[in-house]
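One structure below.
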Amino acid sequence: MFDLNGKVCLVTGGSRGIGRACAEALAARGAHVVIGYAGNEAAARATAAACEAAGGKAELCPFDVSQTAAAEAAVADVAKRLGRLDVLVLSAGISLDGLLLRLKDDDFDRTLAVNLKGAVACARGALKPMMRARGGRIIFVSSVVGEMGNVGQTAYAASKAALLGVAKSLAREYASRNITVNAVTPGFIETDMTRDLPDEAKTAMLSAVPLGRSGTAAEVAAAVVFLASDEASYVTGHALRVNGGMYM
């Protein structure tokens, strides 16, 4: 099950966190993984090495998703150069938190530029080659915060909630071409982003999780592998929650 041999998979934000876990998990299923990253080449190379150790092939593709024209072109170029693009995982994201009365417009704009507009630009770059191939998988990495909201995360919640609307709309637009579009909504996951939270905030988050623990990036990646696989061919327009019951 979940065989991805011969598939080309591009993962944005693939150098660390959930993106890296997705890249490694896809590679372990035999995929040729293209690791999109903005600036940390050393981390991206480490991800590529881990992908190859897992049994797949990997290569690097540096671009900043917030530069939408360049991002769209980079994704399209991957498909042209490799002859196909089967799976696009949109994991690049940032969180610039603050209560709304203190939130700067620049931080709000930057959050939307990376998390929302960047993801949409990359999806646009993938759609034409997927349409020509009459098939493909687009998977947005949203967040539980986009579903339930969170204090001090208005910008982040807005960007992640918007991705769910984008996924559903694209799922309807391109179903006739056998392109599925889905999202995963991770909850409180152990990543660099959550590791820096104050202990008080971590305790509060964990108290809201019925399973009583934080999740791992690997558990999110397992959901992404499913949505990328042939076994998920009848799943589209769906938000798959990986949150330990934090939001039901």
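In the chain, excluding the sites themselves, the longest stretch lacking any of the trypsin sites (Lys or Arg not before Pro) that are in a DSSP loop with at most 11 other Cβ atoms within 10 Å is 1-103.
Of the chymotrypsin sites (Phe, Trp or Tyr not before Pro) in the stretch 192-248, which ones lie in a loop per DSSP and count no more than 15 other C-beta atoms within 10 Å?
Y234
For the chain, what is the calculated [θ] at 222 nm in deg cm²/dmol (nearest 500), taking -39500 (n - 2.57) for each run of four or more DSSP H residues and dividing by its residue count? It lands at -14000 deg cm²/dmol.
Taking the C-alpha atoms only, the angle from helix 154-174 to the longest principal axis of the chain is near 30 degrees.
Positive-end ranking of G146, M205, L96 along the dipole of the chain, with charges on Cβ about the Cα centre, is headed by G146.
Computed from the Kirkwood radius of its Cα pairs, the Stokes-Einstein diffusion coefficient for the chain at 10 °C and 1.306 mPa s stands at 89 µm²/s. Accessible area per residue for the stretch 190-248 is 58 Å², calculated with a 1.4 Å probe on protein heavy atoms, without ligands, DNA or RNA. Rounded to the nearest 20 debye, the dipole size of the chain about its Cα centre is 800 debye, using +1 on the Cβ of Lys and Arg and -1 on the Cβ of Asp and Glu. Which one of G187, A223, G136 has its Cα pushed farthest toward the positive end of the charge dipole of the chain, where Lys and Arg give +1 and Asp and Glu give -1 at the Cβ? Of the candidates, G136 comes out farthest on the positive side.
Computed about the Cα centre, the dipole magnitude for the stretch 1-124 is approximately 240 debye when only Lys and Arg (+1) and Asp and Glu (-1) carry charge, each at its Cβ. Over the stretch 1-68, accessible surface divided per residue gives 41 Å², non-protein components excluded, 1.4 Å probe.
The values are calculated or read from the model by the stated rules, or taken from the named source; none is laboratory data. None of the values given here were measured: they were computed from a predicted structure. Positions of Cβ are backbone-derived with ideal geometry, glycine not excepted, and every protein chain shown enters the neighbour counts. Surface accessibility is based on the protein's heavy atoms, side chains included, excluding ligands, DNA and RNA. Shrake-Rupley method; radii C 1.70, N 1.55, O 1.52, S 1.80 Å.
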